[in-house]
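One structure is given here, and the rest of the page talks about it.
The values are calculated or read from the model by the stated rules, or taken from the named source; none is laboratory data. Everything quoted here is computed from the prediction, not taken from an experiment. Cβ placement follows ideal geometry from the backbone for every residue including glycine, while neighbour counts extend to all protein chains displayed. Side chains are part of the model used for accessible areas, which takes the heavy atoms of the whole protein and leaves out ligands, DNA and RNA. Shrake-Rupley method; radii C 1.70, N 1.55, O 1.52, S 1.80 Å.
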Amino acid sequence: MMARETLPEVVVRIAAPQDAPVCGQICFEAFSAISTAHGFPCDFPGSEATTGLLSRLFSSPGLYCVVAESGGRIVGSNVLDERSVIQGVGPITIDPSAQNLGVGRRLMQAVMDRANERGAAGIRLAQAGFHNRSLALYASLGFDVREPLSCMQGRTHERSLPGCHVRPAKPGDAEACNVLSRRVHGYDRGVDLEQAIEQGTARVVERDGRITGYTTHLAFFGHSTAETNVDLQSLIVSAESFAGAGILVPSRNHVLFRWCLTNGLRVVQPLTLMSTGLYSDPSGAWLPSVLF
Ligand SMILES: CC(C)(COP(=O)(O)OP(=O)(O)OC[C@H]1O[C@@H](n2cnc3c(N)ncnc32)[C@H](O)[C@@H]1OP(=O)(O)O)[C@@H](O)C(=O)NCCC(=O)NCCS
């Protein structure tokens, strides 16, 4: 058997904002290579987008960001969202010339160690459904397959639903949204929501005078939680388009998924939600972000 190629010693360290241009280039090339190889569109339009994303992430409080260096050059990066008791991983990307040599495993282990040391109840991620290597890597690290997801894009034919009033979320709505999240998922994502309200992307839906659903953003990087599919649908129809690659619809929610198709949304690509640690089946309607 041929010996596996090796890299000079790999060192993992905390990412600094000035690492963003190199990591952003790697992130774009890694996603673009794997998507192109399978005939899917890249999740990001270009390296400016990934560099912009990583410079924001590398300087955001509540995120633990790491890079791997080998022979004095950066070969990959990873991000852990620590803003909730359930923590999310991604984006993780390795320079295509250094893939399949154990760097991804090191960068996953680094964020898993960090989450475990700090008492996270669980860790989650969304994995590109066509990517054998990431599926195998995460499964071997202890992540279980939880939900098939369909990334969907477009603009719904219906533009509002009777009885549902959708409006921008205000700081005073946060507690009702957090209570709803705890009821549906068993935990809340209050910090995430608070930041989304500040940024102006969060919306709530009201039915019979009370909040029955919220979204931090109808987007690849946003999550939504609601009492019923109708509440979630009313949030979805309120968007002119979905930011980034699209929204992530749990494909096993067959009523919602078929409604999205009937409403003209198109499937962009499959993803898989995976988790390690605490997981309970949500008791409500929901759209995860590309983290969870
Ligand atoms: C996914 C990614 C982060 C993994 O990093 P990597 O450094 O290439 O992966 P590693 O070498 O650490 O680990 C890959 C593991 O999968 C295994 N593997 C690869 N292909 C496999 C297959 N088809 N079936 C089973 N196992 C497979 C390898 O043997 C290795 O396992 P080992 O550590 O037990 O030997 C990296 O390939 C990447 O950046 N891909 C493009 C971007 C991307 O998809 N990011 C993830 C988004 S969810």
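Some observations on this one:
- Each Cα pair under 8 Å and six or more residues apart adds its separation to the average, and for the chain the resulting relative contact order is 20 percent.
- Nearest-0.05 FRET efficiency for A16 and E240, computed from C-beta distance (R0 51 Å): 0.90
- Estimated 222 nm signal from helices in the chain, with DSSP H stretches of n ≥ 4 weighted -39500 (n - 2.57), rounded to 500: -10000 deg cm²/dmol
- Spin-label proximity, R182 to region 253-292 - amide N less than 20 Å from point 7 Å beyond Cα toward beta carbon: 278-286
- Tail beyond 21 Å, pair distance distribution of region 147-268 (Cα, percent): 32
- 5 angstrom amide H check on V249, placed H, neighbours 5+ away: S150, C151, M152
- Comparing Cα centroids, region 239-292 and region 60-80 end up 28 angstrom apart.
- In Å², nearest 10: area of Y279 left accessible to a 1.4 Å probe: 40
- Gaussian network model of the chain, Cα within-10 Å springs - most flexible of T272, T228, T50: T228
- Virtual paramagnetic centre 7 Å along Cα→Cβ of E5, amide N under 19 Å, in region 61-86: 68-77
- Peptide packing for 213-224, 104-115 was compared via the average number of neighbouring C-beta atoms within 10 Å per residue; ordered from the highest value, the list is 213-224, 104-115.
- Potential lengthening between R118 and K170 on full extension [0.36 nm per residue; Cα-Cα distance subtracted]: 15.6 nm
- For the pair region 147-177 and region 196-210, the centres of their Cα atoms are 8 angstrom apart.
- For region 244-292, the calculated P(r), taken from all Cα-Cα distances in 10 Å bins from zero up to the bin holding the longest distance, is 21, 56, 21, 3 percent.
- Counting only protein heavy atoms and a 1.4 Å probe, the chain has 44 square angstrom of accessible area per residue.
- The peptide list 158-164, 119-125, 174-180, put in order of mean Cβ contacts within 10 Å with the highest first, becomes 119-125, 174-180, 158-164.
- For region 105-155, the normalised intensity computed at q = 0.16, 0.19 Å⁻¹ comes to -0.56, -0.73 (log10 of I(q)/I(0), Debye sum over alpha carbons, equal scatterers, no solvent).
- Distant-in-sequence amide contacts of L273, defined by a placed amide H-H separation under 5 Å and a gap of 5 or more residues or a different chain, comprise Q127, R146, E147, L149.
- Cα gyration tensor shape for region 1-60, rounded if a/c is under 1.5, else prolate or oblate: oblate
- Column: log10 I(q)/I(0), Debye, Cα scatterers of region 13-150, q = 0.09, 0.15, 0.16, 0.22 Å⁻¹: -0.24, -0.72, -0.82, -1.57
- Backbone phi angles across region 92-102, fed through the Karplus curve with coefficients 6.51, -1.76 and 1.60 (θ = phi - 60°), yield HN-Hα couplings of 10, 9, 10, 3, x, 6, 10, 7, 6, 10, x Hz in residue order; Gly and Pro are listed as x.
- Remark on the chain: Rg and Dmax equal 19.0, 68 Å (Cα only).
- 3J(HN,Hα) couplings calculated from phi for region 176-182 with the Karplus curve 6.51 cos²θ - 1.76 cosθ + 1.60 (θ = phi - 60°) are, in sequence order, 4, 5, 5, 4, 4, 4, 5 Hz; Gly and Pro show x.
- Taking label positions 7 Å along the Cα-Cβ direction at both R155 and E48, the computed distance is 2.4 nm, reported to one decimal.
- Counting only protein heavy atoms and a probe of 1.4 Å, the accessible surface of the chain is 54% carbon and sulfur.
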